[in-house]
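Read the figures in this text as sums done on the coordinates, not as results from a lab. A quick note: this is a predicted structure, and the numbers were derived from the prediction, not measured. With ideal geometry, Cβ positions are generated from the backbone for all residues, glycine too; neighbour counts draw on all protein chains shown.
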Amino acid sequence: MISIPKGMKDLLPSESHKWQYVEDVFRTLAETYGYKEIRTPMVESTELFARGIGDTTDVVQKEMYSFEKADRSLTLKPEGTAGVVRAFIENKLYAEGLPAKYYYITPCYRYEKMQKGRSREFHQFGIECFGASGMMADAEVIRIAYDVLTTLGIDDVKLKINSIGCPNCRAEYRKALQDFLRPNLDKLCDTCKSRFDRNPMRILDCKSPECQALVKGAPVMLDYLDEDCRNAFEELKSLLDAYGVPYEVDPGIVRGLDYYTKTAFEFVSDKLGSQSTVCGGGRYDKLIEQLGGPDTPGVGFGMGIERLMLILEASGFKFDPDKTSDLLICGLGEKAKIKAIELAEDLRGSGVSVMIDVMDRGLKAQFKYADRLNVPYVAVIGDDELAKGVVSLRDMKRSEQKEVPMDNLFLALFAGIFD
Ligand code: ATP
Ligand code: MG
């Protein structure tokens, strides 16, 4: 027996309609706001993530699936943004005019310790808006995430927002944070010790309970914002008010990726246990330039689909029942089978989902089959029906049967002839 790699899951046909539904909501909403889909490869040069996400982050230091091929180091994408930025630069999409607004749905890979809501393959929806430096873009992006959640009936997630400033305000903050942490430097985990000089803000996001305890009471970036960043944060808050998106300011949010500037936000749910963040995002004004593109600001979010599903499950969300097809046609006998094919093809041409048994089974087995797959109607064609040009149409839920002229089958299915 060969088993699935640890930390990964099959999406089985009995569950896939739920994912399709949720993905549909996301796609439709993203397009409602004028975003277009972008698809980038599953693997990128390792360097893209090392430089983009930041080489002192957990993702880059511990979690990447990297491998060598022909002397090149490649990595399975651990998140969606870096690939989109690479594609934006490489295809010179900035020449098409700004803002550039994209969305994606993608698997991501991180070699992490398995927990509820934390797996090694997971999926993200994401939104990226490139080219706008003002907070209108941040507010729109946050509004889209909020719209996705509320459209799915999730009304108990909290939006937490923060500003983590820009390189200009960070220099002073960095010093203050180092001063705060210095007396306990030797108690930090090894990874954080090495971050102390290179990137002390990362320590705030460390998952180790010891480090989390040591950063309690640390100075917060909000108190160190320069005028531009402070004004931007105030503007963001009033735009969110205008959009009707409730939020809470949480100065503790720093986000796990290095590229963020100014706006950082998370949507958290108490239905997720300790992995409480379902969506994280923010502004990254230096990322595109840092990866070799023109100086272009950006803002976006990534929403974890598995965590979203956990919330929906916990809140008792009712997905539409999964029906495999609208109709099963049973042709009994050689001639009837050919007629079944003709009728099925005709209906499929009109957008009706129709199945025909491909296993040559008897009537009883076919009814069972329809029942198991939740198919609401079965049309039987035997010699009698064939002679009269009708089908015996059975409403499976009501266990009632009616004769319907073959030509009227489409109408019969949708006109509620059993009502
Ligand atoms: P966390 O703090 O939970 O590790 P993160 O800061 O690493 O999250 P991001 O990189 O911002 O997460 O990813 C955005 C979203 O992707 C998260 O909010 C979460 O919903 C989802 N996500 C991230 N890592 C995983 C994982 N290992 N398994 C499942 N979902 C994940
Ligand atoms: Mg993480």
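For this structure, a couple of remarks:
- Electrostatic dipole magnitude of region 294-384 [Cβ: Lys, Arg +1; Asp, Glu -1; Cα centre; debye, to 20]: 280 debye
- Whole-Hz Karplus values for region 132-146 come out as 9, 9, x, 6, 4, 5, 4, 5, 5, 4, 5, 4, 5, 4, 5 Hz, taken residue by residue from phi with 6.51 cos²θ - 1.76 cosθ + 1.60 and θ = phi - 60°; glycine and proline positions read x.
- Share antiparallel - DSSP beta bridges, the chain, percent rounded to 5: 80 percent
- Dipole in debye (nearest 20) - region 219-342, about Cα centre, beta carbon charges: Lys, Arg +1; Asp, Glu -1: 820 debye
- Anchor Lys337: lysines whose Cα lies under 21 Å away (excluding residues fewer than 8 positions away in-chain): Lys364, Lys368, Lys388, Lys402
- Unit charges at the beta carbon, dipole of the chain: most positive-side option, Val352, Cys169, Leu393: Cys169
- The separation of region 241-266 from region 1-26, counted between C-alpha centres, amounts to 30 Å.
- Phi angles across region 217-226 convert, under the Karplus curve 6.51 cos²θ - 1.76 cosθ + 1.60 with θ = phi - 60°, into 3J(HN,Hα) values of x, 5, x, 10, 4, 3, 7, 10, 5, 7 Hz, Gly and Pro given as x.
- Residues whose amide H falls under 5 Å from that of Val390, counting only those 5 or more places apart or on a different chain, are Met406, with hydrogens built in the peptide plane.
- Flagged links, alpha-carbon separation over 18 Å, of Lys116/Lys158; Lys6/Lys116; Lys271/Lys323; Lys237/Lys262; Lys158/Lys286; Lys187/Lys216: Lys116/Lys158; Lys271/Lys323; Lys158/Lys286
- Extreme residue, positive dipole direction of region 1-40, given options Val25, Thr40, Pro5 (C-beta unit charges): Pro5
- FRET efficiency for the Asp55 to Glu172 pair, using the beta carbon distance and R₀ = 35 Å, is estimated at 0.90.
- Taking label points 7 Å from Cα along the Cα-to-Cβ direction, Arg39 and Leu185 give a separation of 5.1 nm.
- Each stretch of four or more DSSP H residues adds -39500 (n - 2.57); spread over every residue of the chain, this sum gives -11000 deg cm²/dmol at 222 nm.
- Estimated inter-spin distance, Glu248 and Met136, nm [label 7 Å along Cα→Cβ]: 3.2 nm
- Anisotropy class of region 327-412 from Cα gyration tensor, a/c 1.5 cut: rounded
- When region 265-419 is described by a simple charge dipole with +1 on each Lys and Arg Cβ and -1 on each Asp and Glu Cβ, the residue from Gly382, Gly281, Val404 located farthest towards its positive end is Gly382.
- Across Pro246, Pro297, Pro78, mean-square fluctuation computed from a Gaussian network of the chain (C-alpha pairs under 10 Å connected) peaks at Pro246.
- At R0 = 35 Å, FRET efficiency that the Cβ-Cβ distance of Lys6 and Ile338 yields, to 0.05: 0.10
- Taken about its Cα centre, the chain carries a charge dipole of roughly 1120 debye when the Cβ of each Lys and Arg holds +1 and the Cβ of each Asp and Glu holds -1.
- Available extension along the chain between Glu90 and Thr28 is 19.6 nm, counting 0.36 nm per residue and deducting the alpha carbon span.
- Diffusion coefficient of the chain by Stokes-Einstein, Kirkwood radius over Cα pairs, 4 °C, 1.567 mPa s: 52 µm²/s.
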